[in-house]
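A quick write-up on the structure given underneath.
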Amino acid sequence: MCRSALAGTILVCLCASQALLASNRSGMLSDTNKPVRAMRLMFIHHSSGEAWLADWHGGLGVALRDSNYYVSDSNYGWGPDGIGDTTDIGYWWNWFRGPESLRYMEAVYAESGQNCEYSRGDTAPEGENEIIMFKSCFPNSALKGDPGDPVPGIADNPLRGQEAGSEYHTVANAKGIYMDLLNYFGAMTNKLFVAVTAPPLSDPAYANNARAFNQWLVNEWLADYPFHNVFVWDFYNVLTSNGGTPEANDLNLETGNHHRWWNGAAQHKTDDGGNVSAYPSAPDNDHPNQAGDLKATAEFVPLLNAAVHAWLVERAGAPGFSAVYVGDQQVGLTITNLSVGITYVIQRCPDLKAGTWNDAHTFVSQSAVTNWFEPLNPEWVGIFYRVKWGQ
């Protein structure tokens, strides 16, 4: 549908705006620039996450700070009932879906403190934490069972509230836990949930199961999920290849396993490494070493930025036109319902039959309403405008 204005012999039509939303999740990831406004992020983790955040080790805290995120975190002993002690896969049901989950998540959204050492900004943005990032530790990669086993419904899932050492810590039960989490995430589209896969083990006993589960998380878990407020980042995969030794990473190499932004697109490359840890801190210690965590930081942050932009685009809704001005020298448009920090493209088309739309102006919105003008082309008889966003 078009709205139009006529001035002299020039007909200006304003067409319905269109979101540039891809049908697949990789296609949604297109803008790796840091968010325009500061955003509050809460990271639920234990010791591996602590080292990843640390300035002296993985540098994730500094990288997130410099990308306009204000980071808070949980650790051992944190929160109501000490829920911070429990970050195994089976425990995510307690955090997000169990009988005390409302109380736990209220604390998650409100948290503004640091529970380990890392650099962050001086002033917290107003409001709650908007981005919730959660990660289990490496013992969770010891998944038993067969990847092809049937997935139980949550009422019959014995992994609910159980630790990684449980006999019920199987691939199928872990899938069931994550499938059930989508019921909560789908009701909270005002938040972005970032699921970080557990780091790998050096022991190969369950390595193939860990690979199968994390492939499922990245490629299948969200296949039928209708929203873009959940993002999976494959920490496990990133830590399964190195530059020849555990002390040398393969960051920025074409070879190796990666989950990164590469050649203008998201790349989840899993066929050029192993299924066990390539960066153990010691032969008997599977905490990722500094080389592995530095690779992880560099690959994670651009994809996080892209996931944030995709989520913000979905939340933004469609912009609209509220006024059009046609003078002797210029055309002017008033565009409304804009979301701050989103990139918009004004396009024009002289002939809808031909269907050739050209970009007239690209801008990052700083307010909900903007006015835009361009010179009037004396050769125009009619001109159509529309706004696209999300690319």
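Readers should treat all values here as calculations from the given coordinates under stated rules, not as data from a laboratory. Small disclaimer: the values here were computed from a predicted structure and weren't measured. Note that we place each Cβ from the backbone using ideal geometry, even for glycine, and neighbour counts take in every protein chain shown.
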Task: In Hz, Karplus ³J(HN,Hα) per residue of segment 65-76 (6.51, -1.76, 1.60; θ = phi - 60°; x = Gly, Pro) - done: 4, 6, 9, 6, 10, 9, 9, 10, 8, 10, 7, 3
Open item on the list: Please identify the DSSP H helices in the chain that span no less than 24 Å along the helix axis (Cα) and have a mean Kyte-Doolittle hydropathy of 0.5 or more.
Closed with: none
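Take every DSSP beta bridge whose two residues both sit in the chain, then give the antiparallel share in percent to the nearest 5.
60 percent
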Open item on the list: Under the rule that an exposed site lies in a DSSP loop and has at most 14 other Cβ atoms within 10 Å, name the longest stretch of the chain with no GluC sites (Glu not before Pro) of that kind, not counting the sites themselves.
Closed with: 255-378
TODO: Would you pull out the residues with amide H under 5 Å of residue 71's amide H, same chain only if 5 or more places away, H placed 1.01 Å from N?
DONE: 41, 121
Task: Three-way shape call for segment 25-315 based on the alpha-carbon gyration tensor, with the a/c threshold at 1.5 - done: rounded
Task: Prolate/oblate/rounded label for segment 62-180 (Cα gyration tensor, a/c 1.5) - done: prolate
TODO: Find the centroid of the Cα atoms in segment 255-316 and in segment 133-153, then give the distance between the two in whole Å.
DONE: 19 Å
Open item on the list: Can you give me the long-range amide H partners of residue 323? Hydrogens built in the peptide plane at 1.01 Å from N, cutoff under 5 Å, separation of 5 or more residues or another chain.
Closed with: 334
Task: Entries in 175/295; 34/295; 295/388; 34/175; 144/295; 144/191 that, when Cα-Cα distance is taken, lie over 23 Å - done: 175/295; 295/388; 34/175; 144/295; 144/191
- [ ] Rank 115, 300, 262 by how far each Cα sits towards the positive end of the charge dipole of the chain (+1 on Lys, Arg Cβ; -1 on Asp, Glu Cβ) and give me just the farthest.
- [x] 262
Task: Rounded to the nearest 20 debye, dipole of the chain from Cβ charges on Lys, Arg, Asp, Glu - done: 1380 debye
Open item on the list: Using Cα springs under 10 Å in a Gaussian network model of the chain, which residue among 134, 213, 373 shows the largest mean-square fluctuation?
Closed with: 373
